[in-house]
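A short write-up of the structure that comes next.
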Amino acid sequence: MITLKKCLIANRGEIAVRIIRACHELDMIAVAVYSESDSNAKHVQLADEAYYIGAAPPHQSYLDSETLIRTATQAGCDCVHPGYGFLSENADFAQAVMDANLIWIGPSPDAIRAMGVKTEARALMQKAGVPVVSGFQSDNAVLDEFVTAAEHIGYPVMVKAAGGGGGKGIRVVYKPADLPEAIQGAQSEAQKAFNDSRIFLERYIEDGRHIEIQVVADTHGNTVHLFERECSTQRRHQKIIEESPSPLLTAQMRQTMGNAAIAAAQAVNYVNAGTVEFIATPEGEFFFLEMNTRLQVEHPVTEMVTGIDLVKLQFRVAAGESLSFSQDDLTQNGHAIECRIYAEDARNNFLPAIGTVQQFIVPQAPSIRVDSGIQASDMITIHYDPMIAKVIVHDANREAALQRMTRALAEIVILGTTTNIDFLQTILQNPVFVAGQVDTKFVDDNLQTLLPDVAQLPHAALIAAALAKMDGQTQAQVVSNSDHSNADIYSPWQRSDNFRVGE
Amino acid sequence: MQYSYEYNGETVSVKLERQADGQMKATIGDSEYSVTASQIAGGGWLMHINSKRFLAHTASDSEAQYVHLNGTQFKLEKVENRRRRGKGSSRSGDLIAEMPGQVIDVRVKEGRSVQSGDVLLVLEAMKMEIRISAPHDGTVAKLRVKTGDVVARGQALVKISQM
């Protein structure tokens, strides 16, 4: 029996739903919070209790740490799970939760802070023997020193903000002439975004593969890794498809990277679940990028291949339990793939799409998992992340898993908004992806060939549209007729059951 | 009865007629089909078209008729809606919201002169920022939104008159 009783979930959408389910399986009471536009959301419906916390814009609700902690205390919660995004990597929030005598389902504020300042994290990793890409950092260097350092590192170099992530302040520079402007631009962007203008230089690995290692550590000194996830299929640093195992890794590389990830976690006294991100070269070198001190969007991929429920494990670790397994007990079974479904219009520059989801039908079939925070009749609003669902499949090997994913995506029906499902389908069929050779630049470099052609309109689709329109018109007619009390009660159009047209 | 939609920039039409034998006849261009269909729960049709079987899910909103068939979603825009939108966007000089969003910053006032490329206002949706810039030199003739407004796709935002 877990000692935790009642958890406030400081999040929304699919991850809130995921955490609520874990609470219920652990016999814990799940408390949801919601903004004005989420009052009828799936996570609110599934929770045992739900509290309104403010207006739809995140800084007035899901980012309002005071209201969240007050709500948790008043509801009698004993712990807070932050999910991902929002306040999940905010060390001050983690500290405030603990100061309110609540258990924080995550690592210590110190560990979050140590990994949050990128230059500090680099230095810590070097000390711990974790490979980092060659770079240059100095808090008071003048331009000339950066120029000399860049020559030494070799172009292309990346100019990055010391104070934060999220792609802000990052510039890739291919030739010395462009360096001064990139440094100034990055400094001013970093100042605005993080109130910290410090920047550093790093070698830019162009054809790199994004490979990350899931780690878990308990409060008794045990740290294990749960193998890798490859997330190289990205568009503008936004992950689209993730999988485990990585097609690139050999058993030897996997072991070396796993050990490096454990060393990285131990260097900051990490507790709970976290992810160490690496960039790997085609030659098999790999370097530390950053550590995400929280649950990841793509955690189900790891759950599928290891059979371990990471969210339940997070609660157990936070409750002080020891890991019930050792590194040697863990195996990576078969192959898992995740596709992220975004409400966005690939043909309109990937701009976010909104709308009311009128139909939401997902396949229920062996080894297909759909994590979503939406259901039919939900509005997709402008306020939140456009990721509306994740489809995760598992099978014996990569080829079979790809077939299963292709099938699953074809079966999903999301009507009423525009999604990236057809874009995902073209990536899954691309020979480079099928061969497992996608690097982090692949999608951006090949966008034109990856954008699906506008499908020819089959006559059957046009006929279905007309049938729906005819049906709607006739029903509207029936409604207006009944207003005049001369409704044709024998009309087939009044039957809401399986009535037939043209038979 | 004739039904028309816009698809991929072209008008597509189908004629549906009830036959004496109870079947439907669908005519698309030179092609004729005999159709039987039964409605499925949630919206959609199990159709037999010239005896071939098709399962289609359907839904509609004010903008479009959506059809999901054989793993592909089709968005058929309503013709009457397109005409209405066409008028809205033809007002000369009006800049239109390319995506739905919230106005988070308005950087100009009516009457101010602007240069091509000047940022006029900033829209935000789903963590993305879109800057609306002046397409040419001119004067802000009409400012139709203010900070905090939520705008729909296609909504007129600001009008820039030519110098």
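Pick from region A:319-362 the residues that are within 13 Å of chain B (Cβ to nearest Cβ) and of a type in the set (S, T, N, Q): which of them is least open to solvent (accessible area, probe 1.4 Å)? Step through it out loud before you land on a result.
Going through region A:319-362, the residues within 13 Å of chain B (Cβ to nearest Cβ) turn out to be A:341-362.
From what's left, of a type in the set (S, T, N, Q): A:348-349, A:356, A:358-359.
Details: A:ASN348: 37, A:ASN349: 108, A:THR356: 52, A:GLN358: 64, A:GLN359: 9 Å².
Going through the qualifying residues, I end up with A:GLN359.
Here is a yes/no grid of residues against (1) assigned to a loop (DSSP other than H, G, I, E, B); (2) free of Cβ contacts under 8 Å to residues at least 40 places away in the same chain; (3) in contact with a strand residue (DSSP E or B) (Cβ under 6 Å, 6 or more places away or on another chain):
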{"residue": "A:ASP328", "(1), (2), (3)": "no, yes, no"}
{"residue": "A:THR331", "(1), (2), (3)": "yes, yes, no"}
{"residue": "A:GLU338", "(1), (2), (3)": "no, no, yes"}
{"residue": "A:ILE341", "(1), (2), (3)": "no, no, yes"}
{"residue": "A:GLN364", "(1), (2), (3)": "yes, yes, no"}
{"residue": "A:ARG369", "(1), (2), (3)": "no, no, yes"}
{"residue": "A:ILE374", "(1), (2), (3)": "yes, no, yes"}
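Would you be able to say whether some residue in region A:1-17 is without any contact (Cβ under 8 Å) to a residue 40 or more places away in the chain and among the hydrophobic types (A, V, I, L, M, F, W, C)?
First, the residues of region A:1-17 that are without any contact (Cβ under 8 Å) to a residue 40 or more places away in the chain: A:1.
Imposing the further condition that a residue be among the hydrophobic types (A, V, I, L, M, F, W, C) reduces the set to A:1.
So far as region A:1-17 goes, yes, one or more of its residues are without any contact (Cβ under 8 Å) to a residue 40 or more places away in the chain and among the hydrophobic types (A, V, I, L, M, F, W, C).
If you scan region B:104-139, which residues turn out to be aliphatic (A, V, I, L, M) and either open to solvent by 50 Å² or more (accessible area, probe 1.4 Å) or more than 21 Å from A:ASP345 (Cβ to Cβ) (or both)? First the steps, then the outcome.
First pass over region B:104-139, keeping only residues aliphatic (A, V, I, L, M): B:104, B:106, B:108, B:114, B:119-123, B:125-126, B:128, B:130, B:132, B:134.
Selection gives B:ILE104, B:VAL106, B:VAL108, B:VAL114, B:VAL119, B:LEU120, B:LEU121, B:MET128, B:ALA134.
What strands (runs of 3 or more DSSP E) lie completely within region B:94-163 and have 1 or more residues being free of Cβ contacts under 8 Å to residues at least 40 places away in the same chain and more than 13 Å from chain A (Cβ to nearest Cβ)? Before you say what the answer is, go through the steps one by one.
Numbers: elements: B:94-96, B:101-106, B:119-125, B:128-133, B:138-143, B:156-162.
Hits in region B:94-163: B:119-125, B:128-133, B:138-143.
Which numbered condition trips up A:ARG404, out of (1) modelled with pLDDT of 95 or more; (2) part of a loop (DSSP other than H, G, I, E, B)?
It is condition (2) that A:ARG404 fails.
Report, by residue number, each residue of region A:461-488 that is modelled with pLDDT of 95 or more and away from chain B (no Cβ under 14 Å).
None - no residue of region A:461-488 is modelled with pLDDT of 95 or more and away from chain B (no Cβ under 14 Å), so the list stays empty.
Spot the failing condition for A:HIS59; the list is (1) modelled with pLDDT under 95; (2) open to solvent by 40 Å² or more (accessible area, probe 1.4 Å); (3) assigned to a loop (DSSP other than H, G, I, E, B), and only one is missed.
(3)
Within region A:418-431, can you find the residues that are surrounded by 15 or more Cβ atoms within 10 Å (Cβ to Cβ) and over 22 Å from the mean Cα position of the chain (by Cα)? Walk me through it before giving the result.
Kept after step one, since they are surrounded by 15 or more Cβ atoms within 10 Å (Cβ to Cβ), are these residues of region A:418-431: A:418-428, A:430.
Residue satisfying the conditions is A:ASN430 alone.
Which residues, taken from region A:418-460, are in a helix (DSSP H, G or I) and either within 14 Å of another protein chain (Cβ to nearest Cβ) or charged (D, E, K, R) (or both)?
Taking region A:418-460 as the starting set, the residues that turn out to be in a helix (DSSP H, G or I) are A:421-429, A:431-434, A:442-445, A:447-450, A:459-460.
Within region A:418-460, A:ILE421, A:ASP422, A:PHE423, A:LEU424, A:GLN425, A:THR426, A:LEU428, A:GLN429, A:ASP444, A:ASP445, A:HIS459, A:ALA460 meet the criteria.
List pairs: first in region B:1-15 and within 18 Å of A:ASP453 (Cβ to Cβ) and facing chain A (nearest Cβ under 7 Å), second open to solvent by less than 70 Å² (accessible area, probe 1.4 Å) and of a type in the set (Ser, Thr, Tyr), Cβ under 8 Å, 6+ apart or cross-chain?
Qualifying pairs under 8 Å: B:VAL12/B:SER4; B:VAL12/B:TYR5.
Which condition number does A:GLN375 fail, the rest of (1) open to solvent by 10 Å² or more (accessible area, probe 1.4 Å); (2) modelled with pLDDT of 95 or more; (3) polar (S, T, N, Q) being met?
Failing condition for A:GLN375: (2).
Looking at region A:378-405, which of its residues are at the interface with chain B (Cβ under 10 Å from one of its Cβ atoms) and open to solvent by 50 Å² or more (accessible area, probe 1.4 Å)? Can you show your working first?
First, pick out the residues of region A:378-405 that are at the interface with chain B (Cβ under 10 Å from one of its Cβ atoms): A:380-387.
Listed by number, the list holds a single entry, A:ASP385.
The values are calculated or read from the model by the stated rules, or taken from the named source; none is laboratory data. Predicted model only: the values in this text are computed from it and were never measured. Glycine also receives a Cβ, built like all others from the backbone with ideal geometry; neighbour counts cover every protein chain displayed. Accessible surface areas use protein heavy atoms only, side chains included; no ligands, DNA or RNA. Shrake-Rupley method; radii C 1.70, N 1.55, O 1.52, S 1.80 Å.
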